[in-house]
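Written out below as structure tokens is the structure these notes cover.
The values are calculated or read from the model by the stated rules, or taken from the named source; none is laboratory data. Keep in mind that this is a model prediction, so the values were computed, not measured. Cβ placement follows ideal geometry from the backbone for every residue including glycine, while neighbour counts extend to all protein chains displayed. Please note that ligands, DNA and RNA were not included when accessible areas were found on the heavy atoms of the full protein model with its side chains. Shrake-Rupley method; radii C 1.70, N 1.55, O 1.52, S 1.80 Å.
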Amino acid sequence: MNKQRRKRLGKAFDLVTEAMDILEEVKSEEEESYDNLPDNFRDGDKGEEMQNYIEMLEEASGYLDDANSVIEQI
């Protein structure tokens, strides 16, 4: 692989890392919102929906982490 393509891969790695950081921030904010819900909402549909979002954000972050692991191997 030539220098130019390696440089572009490095940029891709940085962008994926930035996306992971954003996902982590959003997940933290959602967790904080969930924690501040009154018990009756937390145990209801709203709380369940928020928990699902948190899990999806964790899953997306894991996929991005996997992508960066592959990029590092190239």
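Would you calculate the convex hull of the Cα atoms in the chain and tell me its volume per residue in Å³?
60 Å³
Mind checking which aspartates and glutamates have their C-alpha under 18 Å from residue 46, skipping anything on the same chain fewer than 8 residues away?
Within the straight-line cut-off, residue 46 pairs with 29, 30, 31, 32, 35, 55.
Quick one: pull the percent of accessible area on the chain belonging to carbon and sulfur, 1.4 Å probe, ligands and nucleic acids left out.
Answer for the chain is 49 percent, counting heavy atoms of protein chains only.
Give the residue list of trypsin sites (Lys or Arg not before Pro) in segment 1-66 that are DSSP loop and have at most 13 other beta-carbon atoms within 10 angstrom.
Within segment 1-66, no trypsin sites (Lys or Arg not before Pro) qualify (loop, at most 13 other Cβ atoms within 10 Å).
Starting from the Cα-Cα distance between residue 9 and residue 58, subtract it from 0.36 nm times their residue separation and give me the gain in nm to one decimal.
15.2 nm
For the chain, report the accessible area per residue in Å² (1.4 Å probe, heavy atoms, rounded to an integer). Kindly include the intermediate steps, with their values, before the conclusion.
Working: 5760 Å² over 74 residues.
Solvent-accessible surface per residue comes out at 78 Å².
Each label point is 7 Å from the Cα along the Cα-to-Cβ direction; what then is the distance between the points at residue 21 and residue 39, in nm?
The answer from the label model is 4.0 nm.
At a Förster radius of 35 Å, what calculated FRET efficiency corresponds to the Cβ-Cβ distance of residue 31 and residue 2, to the nearest 0.05? Walk me through the numbers on the way to the answer.
Details: r = 43 Å, r/R0 = 1.24.
Efficiency at R0 = 35 Å is approximately 0.20.
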